[in-house]
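Beneath this line is the structure, given in structure tokens, with notes to follow.
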Amino acid sequence: MWQDADSELRHELAPEEKLIWSGQPRQGIFLRGSDAFLIPFSLMWGGFAIFWEVMAAGALLATEERPPMGIGIIFPLFGLPFVLVGLYLILGRFFVDARQRAKTFYGLTNERAVIVSGLLGRKVKSLNLRTLTDISLSEKAGGRGTISFGPAHPLASWLGGSSWPGGGMYAPPSFQEIQDAKKVYDMIREAQHKAT
């Protein structure tokens with residue numbers, strides 16, 4: 001894991017810049033605190049969409065008289081996008097989230113914090129240590145945690161960090177679900193102190 005992170009981040013370094021730490025978020029499929037809200041919502045959404053689709057298709061098949069061309073198929077077709085969204089929310093988002101985290105790399109240099117990510121392309125976020133004013137640590141048992149750079153939006157705790165559509169825009173840039181979060185946090189503070 002660390003070797004992959006190092007090689008991914010080396011492409012982003014300036015000639016004089018030194019990589020102090022590199023890592024990745026927790027890998028695989030797991031539940032987050034926000035799933036306490038998202039799972040029931042996704043089950044209600046998906047359940048209703050599937051119920052709609054079954055009822056609409058059943059009504060279409062049960063009619064003895066054929067409705068005018070195209071009219072009878074409108075309701076099942078109307079419900080199909082909602083079923084697809086429901087399936088993504090119930091199950092697909094966990095796989096998308098795991099794949100996104102597998103392609104996310106974090107780095108700390110003597111000048112900045114770097115986040116390289118992107119499911120379909122490559123996105124690089126660079127945060128200058130000299131200008132960072134709000135750094136927070138959220139640590140769990142076992143030393144795993146998240147380091148956030150900047151103030152959090154009120155909705156960040158509900159949607160941030162998940163693969164819920166649009167949820168990422170509420171979360172500040174962060175090193176999510178990393179090992180030894182307190183140690184990395186201290187390294188950031190020390191590098192920040194040296195950079196000023």
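The numbers here are math on the coordinates, done by the rules we state, and not lab data. From a predicted model like this one, the values you see are computed outputs, not experimental measurements. Here Cβ is always computed from backbone atoms with ideal geometry, including for glycine, and neighbour counts include all displayed protein chains.
Calculate, for PHE95 and MET55, the FRET efficiency according to 1/(1 + (r/R0)^6) with r their C-beta to C-beta distance and R0 30 Å; round to the nearest 0.05.
Numbers: r = 29 Å, r/R0 = 0.96.
That pair, PHE95 with MET55, gives E of 0.55.
Full-extension gain between ASN128 and PHE30, please, as 0.36 nm times their residue separation minus the C-alpha to C-alpha distance.
32.2 nm
Could you compute the net charge surrounding GLY86? Neighbours are other residues with a C-beta less than 12 Å from the C-beta of GLY86; K and R count +1, D and E count -1.
On the way: positive: ARG93; negative: GLU53.
Taking every other residue near GLY86 into account, the sum is 0.
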